[in-house]
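Below is one structure, written out as structure tokens, with a few remarks after it.
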Ligand code: 6PG
């Protein structure tokens, strides 16, 4: 009987593609899915690869089919399903076995699960996998967290199945416990921001009268320049597509209500908990929520004044530069959040390596990531990506266009929350003396909260409006 060390639970879209990728790379794999008919169908569809796949009928049978020390990958819906799969496997596992959660987990759960399983001698690896179905099949970007010894045991397989960027695997062990899932969450937050700024550029072009076909060409052109990325590429394809039923542009027949499964929201929650604000990501998550209030917006169109709304007057070149500026700002915020979390949880995250493994396989793969990793490897100053000399120069080149876009969108009555948030972040970061002195004054006025002074050491000073202590 073939010696099988790797198992996989969950044969949904991502799980089945990952399973095929694993066996295609020469690693025999035992699989289990809660519904046996799904497993049977998967085995049938696997064609010649089925020879390296071993279907099992229960968690117990899966564990029994594997030779210890085992490594079992779970690709199931985040949340309670993960705990229930772990509970079903655990009684059959031996100390030293590894469970790998390859779904989009909340990293707080990953930290908890790692601790709980460690008590039983079982290793837990939280592994972020990006790239959708196609990436899972042909090479995703893989962000691994957990004990380095556990990763060492699965490294060969993980690196083999990951995407490849100029000969380098886009998989890396990034830190202990929840580090991998945290990085994946922030990846998704950046994904939300990037998708939102692209949607805002589309909205501005649409209001100016461009057709979806016309916009598709613009996005195709942009994909040849500094914006080159998977999301710009697929935007061109989405805009060019026709609805087979009506021959209308596909984008015109899709209802303007965006779904979300939670990773964008998790990014914000963690940013706020860490005393940060990833405002471009926040705007993107908020915009998805507003998009779901379709009825309200339709009603608002008939009630709220639109007298000054007009077709925005912006060149493709300004939109391109504004997209680049806002994209850099979204990355800057995402990486600041990673740096903050790394300090807080003592993860020692390697930001350059993170940027490197995002260069291929994942949804946010973009030409810019090569420059980002270079900046983090070399010229970085003060921790903020925008301050690296090459990025500061790019901001100087592109922010004037971002200003034009935000100003024109505002005057035209076009929503551009992510562009505007990105610009406000930039403006805040280039203003040494901000406006919080007044907030401190207000806080002290009504609550005697005290403040620091610019001309003396210490805190707890009060203004003349409150009685001085003592
Ligand atoms: C990826 C994607 C993937 C998925 C998310 C986002 O990296 O492959 O981020 O994880 O698309 O689930 O989905 P929502 O937009 O539904 O939140």
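Rounded to the nearest 10 degrees, what's the angle between the helix 389-412 long axis and the longest principal axis of the chain, both from Cα atoms, 0 to 90?
70
Tell me, in nm to one decimal, what length is gained between residue 449 and residue 108 on full extension, where the rule is 0.36 nm per residue of separation less the Cα-Cα distance? List each step's numbers first, then the result.
Working: separation 341, 0.36 × 341 = 122.76 nm, distance 3.27 nm.
Length gained, residue 449 through residue 108: 119.5 nm.
I'd like to compare 284-293, 432-441: which one has the highest average count of other Cβ atoms within 10 Å, and what's the full order after that? Show your work: numbers first, answer last.
Details: 284-293: 18.0, 432-441: 10.2.
Ranked from most to least packed, the peptides come out as 284-293, 432-441.
Once label points are set 7 Å from the Cα along Cα→Cβ at both residue 437 and residue 168, what is their separation, rounded to one decimal in nm?
Spacing of the two 7 Å Cα→Cβ label points: 4.6 nm.
Out of all DSSP beta bridges with both ends in the chain, state the antiparallel percent to the nearest 5.
Working: 9 of 32 bridges.
The answer is about 30 percent antiparallel.
What's the angle, to the nearest 10 degrees (0 to 90), between helix 316-345's Cα axis and the longest principal axis of the chain?
The angle comes out at about 60 degrees.
Under 8 Å for C-alpha pairs, at least 6 residues apart: give me the relative contact order for the chain, rounded to a whole percent. Kindly include the intermediate steps, with their values, before the conclusion.
Values: 825 pairs, mean separation 59.6, N = 470.
After rounding, I find 13 percent.
Just order 62-68, 127-133, 100-106 by mean Cβ neighbour count inside 10 Å, highest at the front, would you?
On the way: 62-68: 17.6, 127-133: 24.0, 100-106: 25.7.
Peptide ranking by packing, descending: 100-106, 127-133, 62-68.
So for the pair residue 396, residue 289, with labels modelled 7 Å out along Cα→Cβ, what separation do we get in nm?
Result for the modelled spin labels: 3.9 nm.
Within region 5-28, what residues put their amide N at less than 19 Å from the label point 7 Å along the Cα-to-Cβ vector of residue 67?
5-8, 23-28
Let a ≥ b ≥ c be the square roots of the eigenvalues of the Cα gyration tensor of region 164-209; is it rounded (a/c under 1.5), or, if not, prolate (a/b larger than b/c) or oblate? Show your work: numbers first, answer last.
On the way: a/c = 8.72, a/b = 2.16, b/c = 4.04.
Here region 164-209 falls in the oblate category.
Helix 294-303 against the longest principal axis of the chain: what's the angle in degrees, Cα atoms only, rounded to the nearest 10?
Result, in degrees: 20.
Relative to the compact-globule scaling 2.2 N^0.38 Å, provide the ratio for the alpha-carbon radius of gyration of region 68-117. Kindly include the intermediate steps, with their values, before the conclusion.
Numbers: Rg = 10.4 Å, N = 50, 2.2 N^0.38 = 9.7 Å.
Relative to the 2.2 N^0.38 Å estimate, region 68-117 comes out at 1.07.
Which three lengths, in whole Å and largest first, does region 101-185 cover when its Cα atoms are put on their principal axes?
40, 23, 18
Taking 0.36 nm per residue of separation and subtracting the Cα-Cα distance, what length does fully extending residue 313 through residue 344 add? Intermediate results must be reported in sequence, preceding the final value.
Details: separation 31, 0.36 × 31 = 11.16 nm, distance 4.53 nm.
Once the chain is fully extended between residue 313 and residue 344, it gains 6.6 nm.
Need the full-extension length gain, residue 459 to residue 152, defined as separation in residues times 0.36 nm minus the C-alpha distance. One decimal, nm. Intermediate results must be reported in sequence, preceding the final value.
Working: separation 307, 0.36 × 307 = 110.52 nm, distance 4.90 nm.
Between residue 459 and residue 152, full extension yields an extra 105.6 nm.
Tell me the relative contact order for region 142-300 as a rounded percent, counting alpha carbon contacts under 8 Å between residues six or more apart. Write out the running numbers ahead of the final one.
Numbers: 169 pairs, mean separation 33.1, N = 159.
Relative contact order here is 21 percent.
Got a sec? How would 426, 124 order by Cβ neighbour count within 10 Å, fewest to most?
Numbers: 426 21, 124 24.
Arranged by neighbour count, lowest to highest, 426, 124 become 426, 124.
Measuring from centroid to centroid over Cα atoms, what is the spacing of region 76-99 and region 403-470 in Å?
With region 76-99 and region 403-470 each reduced to a Cα centre, they are spaced 48 Å.
Semi-axes of the equivalent ellipsoid for the chain, please: Cα gyration tensor eigenvalues, times 5, square-rooted, ordered largest first, whole Å.
So the equivalent ellipsoid measures 42, 31, 21 Å along its semi-axes.
So what is the calculated 222 nm ellipticity per residue for the chain, using -39500 (n - 2.57) for each DSSP H run with n of 4 or more, over all residues, to the nearest 500 deg cm²/dmol? Provide the component values of the computation, followed by the final result.
On the way: 20 runs with 257 residues, N = 470.
The helix-only estimate for the chain comes to -17500 deg cm²/dmol at 222 nm.
Could you list 113, 403 in order of exposure, starting from the residue whose Cβ has the fewest other Cβ atoms within 10 Å?
Values: 113 21, 403 17.
Listed from fewest to most nearby Cβ atoms, that is 403, 113.
How high is the relative contact order of region 3-44? Use alpha-carbon pairs under 8 Å, at least six apart in sequence, and give a whole percent. Don't jump to the answer; show the numbers that get you there.
On the way: 44 pairs, mean separation 19.2, N = 42.
Relative CO of region 3-44 lands at 46 percent.
Sticking with the crude label model, points 7 Å out along Cα→Cβ, report the distance from residue 377 to residue 43 in nm, one decimal please.
In this crude spin-label approximation the distance works out to 4.7 nm.
Where a number appears in this text, it was derived from the coordinates with a stated rule and is not lab data. The model shown is predicted, which means the values in this text are computed figures rather than measured ones. Reconstructed Cβ throughout: ideal geometry from the backbone, glycine too, with neighbour counts over all protein chains shown.
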